[in-house]
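*Asks:* Once you've had a glance at the structure underneath, I'll fire off some questions.
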Amino acid sequence: MRRVETLPSDVFETLLDKLRKAEVMSLAVDESTDNSDVAQLCLYVRFFDGECFREDLLGLIPMEGHTTGEILFTKIASFFEENNLNLARVNMLVTDGAPSMARQGSGARREDGSCVFTGEISALSHPPKPPVCQAQW
């Protein structure tokens with residue numbers, strides 16, 4: 001395998017290792033469609049690594065067909081399970097307020113209707129935030 005092929009997987013594994021050690025994390029989730037009409041679910045994560053706050057793109061998940069809140073939750077839960085991340089450590093979910101993401105009773109929730117995220121927020125305004133660590137290469 002060429003070095004250019006191993007670098008992205010090393011960076012991703014480093015991020016996953018840091019997330020597994022983090023006490024809590026926040027997710028920003030957005031769905032959009034690319035230029036070939038494939039819906040993508042973007043997961044952006046923010047967490048404290050013991051030294052400072054970090055923000056990073058966690059993943060892009062392809063979506064098929066019509067997306068409901070239950071499908072979104074299932075995709076996010078599957079992503080966390082596949083990468084050995086603890087979904088219970090997500091303390092906040094930030095969305096753009098789209099109905100499939102945040103609607104009362106049918107947004108990204110478990111099958112029983114309960115929300116897995118303890119600090120769910122929709123359509124978050126931009127509050128001041130602590131400084132984020134700069135990428136170190």
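FYI, it's all coordinate maths here, none of it is from the lab. Remember, it's a predicted structure, so these values are computed and weren't measured experimentally. No Cβ is skipped: glycine too gets one built from the backbone with ideal geometry, and neighbour counts run over all protein chains shown.
*Asks:* What are the ³J(HN,Hα) values, in whole Hz, obtained from phi via the Karplus relation 6.51 cos²θ - 1.76 cosθ + 1.60 with θ = phi - 60°, for each residue of region 34-50 in sequence order, with x given for Gly and Pro?
*Replies:* These are the phi-based 3J(HN,Hα) values: 7, 5, 9, 6, 9, 6, 10, 9, 9, 10, 10, 10, 10, 7, 9, 9, x Hz.
*Asks:* Further question: Around ASP49, which amide H atoms from residues at least 5 apart in sequence, or from another chain, sit under 5 Å from its own amide H, with H modelled in the peptide plane?
*Replies:* Excluding prolines and chain starts, which carry no amide H, the hits are ARG54.
*Asks:* Whole-Hz ³J(HN,Hα) for each residue in region 7-19, computed from phi via Karplus 6.51 cos²θ - 1.76 cosθ + 1.60 with θ = phi - 60°, x for glycine and proline: what do you get?
*Replies:* Each residue of region 7-19 in turn: 4, x, 5, 5, 5, 5, 5, 4, 4, 4, 4, 5, 5 Hz.
*Asks:* How do PHE73, PHE53 rank when sorted from fewest to most other Cβ atoms within 10 Å of their own Cβ?
*Replies:* If I rank by nearby Cβ atoms, fewest first, I get PHE53, PHE73.
*Asks:* Next up: From the phi angles alone, apply the Karplus equation (6.51, -1.76, 1.60; θ = phi - 60°) to region 67-79 and give each ³J(HN,Hα) in whole Hz, x where the residue is Gly or Pro.
*Replies:* Along region 67-79, the couplings run 10, 10, x, 5, 5, 4, 4, 4, 5, 5, 4, 5, 4 Hz.
*Asks:* Based only on other Cβ atoms within 10 Å, what is the fewest-to-most ordering of LEU85, LEU16?
*Replies:* LEU16, LEU85
*Asks:* Test of understanding: ordering ARG89, ARG46, ARG20 by Cβ neighbours within 10 Å, fewest first, what list do you get?
*Replies:* Numbers: ARG89 15, ARG46 20, ARG20 12.
Fewest-to-most Cβ neighbours within 10 Å comes out as ARG20, ARG89, ARG46.
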